[in-house]
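To start, the structure itself, in structure tokens.
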Amino acid sequence: MIGLISATAAGTAARDRLAAAWPDRTRVYKGDVAGAVRTAFAECEGLVCFLATGAVVRMVAPLLSDKRSDPGVVCVDEAGRFAVSLLGGHGGGANALAGEVGAVLGAEPVITTATDAAGLPGLDTLGLPVEGDLAAVSRALLDGEPVALAVDTPWPLPPLPVAEAGEYTIRSTDRLVRPTAREVVLRPPSLVVGVGASRGVSEDEVTALVEAALREAGLAAASVAALATVDAKADEAGIVAAAERMGVPLVAHPAETLARVAVPNPSRAPLAAVGTPSVAEAAALVDGGELLVPKRRSVRADGSPARATCAVARRPVRGRLAVVGLGPGARDLLTPRAVAELRGASVLVGLDQYVDQIRDLLRPGTRVLASGLGAEEERARAAVSEARRGHAVALIGSGDAGVYAMASPALAEAGDDIDVVGVPGVTAALAASAVLGAPLGHDHVSVSLSDLHTPWEVIERRVRAAAESDLVVTFYNPRSRGRDRHLTRALAVLAAHRAPTTPVGVVRNASRADESSLLTTLAEVDPTVVDMLTVVTVGNSATREIAGRMVTPRGYRWQRPEVTR
Ligand code: SAH
């Protein structure tokens, strides 16, 4: 919950705008301002104070305890010009909150945390547990001192401006190493602890067993991603409580699944009890990976039989491939989600002209694999193999990366061993449609006239089908130097089924600096004005030009007749 506090009339007006924009996220604290701040500070994860920074500093100072638990505090000035991240920039989320508040109120976010201001990811914002001298290593990164990245345990990290070697080190490991001075240790969630137990096992017995197994194998508890067991033990109180105490989820698998996992130490007892020859080892290894601690049993002080078993595996790293559409060209048609993916990727793969389009957004340390036209398969393969090695990869394409673009060759290469996220982009047909008016108001198709991957006979058959079905058609890749007859032929196929007066919209470089467009008709369209930076949209039998705009009626019965005149 975000607590909102104001004192003046102007502040209260701004507060109410924010409360109206985020009804479920915010709570208004009224009455005596100091009391309201105190209550909100105790109850909320974030505070937005429509008050002077000085006043807020004095009020929250006695309330501060720890930057990991204190709420983030944002101040908005009387004129609503600035949203100042005052406290808890990273841990409290105030930097992000200042940005969001700024977006709602039209205020400029003011961020003074050094890493954010320099476009570096804060080492405490990577979503991984961190140990060591965060302040010293962050400072070294900011000052441009050489910081080395030592990866024992790969993980899809965001880009970091690291050097081959340096006095400072960022280490990614699940090994139980103590950070040296000038070192930060990141703990990727790479370990899975399989647990088996007989009924009535105590939480202490499970926890002691798991802790000893990790410690003796030299593994960090902070890298444990989950406890895993068999379905029949999903409610076993001692296991549930142990997972809770370790702060990790408990994952349960069906016995049939576990029975199929090859393990070094199967035994008869669990087979009889729960239907799989191994619980601990099989549950640890269910997603593959490497067994680091084979099955071991708990030790009971009174010498009675052990009630718990555990085994530890390192699961295979899952890299992340984001397939990101950049939109048609204009920066403000690039979605915030796309920007976040571009900035979170340590490897960027794309056509060189698209890379240039967004290079300014990349964070320092991003590895860029740019290639020229035509190297599609190679780009797809490079992106997937980088993700397989455990990196966070962004594969970019113009418009939507899934429309006549990189998503299909990439996903044809990708297995289920990597995570894939798609970020949709505004495709050329939509960008052009917005320029032309409302040509896509009823059923429509896109057809690429490129015969690079598709024989012309197939393309022509599809155009004919669209013509016969009275669909609005948008042609992508309409015409290039070696291929100047296709568009003429495609238009002729449509003309055989539609009136010569059917509107045709030609849009070149939609949303880019040199955008141009032309509204003409099937009878009059001149294919020579069309090139590869253009899309051509042909209306259906109801499409009209109205006030210079191309309009396809929705065709429903409630449509007023004057619109379809
Ligand atoms: N993935 C892209 C399409 C790639 S195919 C998308 O979703 O938009 C390349 C073709 O798209 C070009 O030949 C052209 O026909 C069209 N195109 C891409 N961007 C365009 C733009 N800004 N304006 C007009 N046409 C564009």
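The values are calculated or read from the model by the stated rules, or taken from the named source; none is laboratory data. Since the structure is predicted, the reported quantities are computational estimates derived from the model, not experimental observations. Virtual Cβ from ideal backbone geometry, glycine too; neighbours counted across all protein chains shown. These accessible areas exclude ligands, DNA and RNA; they are computed on the full protein's heavy atoms, side chains included. Shrake-Rupley method; radii C 1.70, N 1.55, O 1.52, S 1.80 Å.
Here are the numbers for this structure:
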{"quantity": "Selection from the stretch 339-363 of residues that are within 13 Å of the ligand (Cβ to nearest atom) and either in contact with a strand residue (DSSP E or B) (Cβ under 7 Å, 6 or more places away or on another chain) or not in a helix (DSSP H, G or I) (or both)", "calculated": "GLY350, LEU351, TYR354"}
{"quantity": "Matching helices (runs of 4 or more DSSP H) fully within the stretch 1-88 where at least 2 residues are among the β-branched types (Val, Ile, Thr) and open to solvent by 40 Å² or more (accessible area, probe 1.4 Å)", "calculated": "53-60"}
{"quantity": "Scan of the stretch 223-248 for residues that are under 13 Å from VAL201 (Cα atoms), of a type in the set (Val, Ile, Thr) and touching a residue at least 40 places away in the same chain (Cβ under 8 Å), ordered by number", "calculated": "ILE239"}
{"quantity": "Unique match (being out of contact with any strand residue (DSSP E or B) (no Cβ under 7 Å at 6 or more places or on another chain), open to solvent by 60 Å² or more (accessible area, probe 1.4 Å) and acidic (Asp, Glu)) among ASP470, ASP484", "calculated": "ASP484"}
{"quantity": "Inter-residue pairs, beta-carbon under 9 Å, first without any contact (Cβ under 8 Å) to a residue 24 or more places away in the chain and in the stretch 313-331, second open to solvent by 10 Å² or more (accessible area, probe 1.4 Å) and within 16 Å of the ligand (Cβ to nearest atom), 6+ apart", "calculated": "ARG331/GLN357"}
{"quantity": "Any chance GLY119 is assigned by TED's automatic domain parsing to the domain that holds ARG300, surrounded by fewer than 16 Cβ atoms within 10 Å (Cβ to Cβ) and in contact (Cβ under 8 Å) with a residue 40 or more places away in the chain", "calculated": "no"}
{"quantity": "Residue that is outside the structural domain of ALA513 (by TED's automatic domain parsing), within 16 Å of the ligand (Cβ to nearest atom), touching a strand residue (DSSP E or B) at 6+ places or on another chain (Cβ under 9 Å) and of a type in the set (Ser, Thr, Tyr), where the choices are THR335, THR366", "calculated": "THR335"}
{"quantity": "Among (1) without any contact (Cβ under 8 Å) to a residue 24 or more places away in the chain; (2) more than 13 Å from the ligand (Cβ to nearest atom); (3) not assigned by TED's automatic domain parsing to the domain that holds GLY327 - the single one TRP456 does not satisfy", "calculated": "(1)"}
{"quantity": "Exclusive hit being at pLDDT below 95, open to solvent by 30 Å² or more (accessible area, probe 1.4 Å) and of a type outside the set (S, T, N, Q), set LEU351, LEU373", "calculated": "LEU373"}
{"quantity": "Any hit, the stretch 514-526, residues being crowded, with 21+ Cβ neighbours inside 10 Å and either more than 16 Å from the ligand (Cβ to nearest atom) or touching a residue at least 24 places away in the same chain (Cβ under 8 Å) (or both)", "calculated": "yes"}
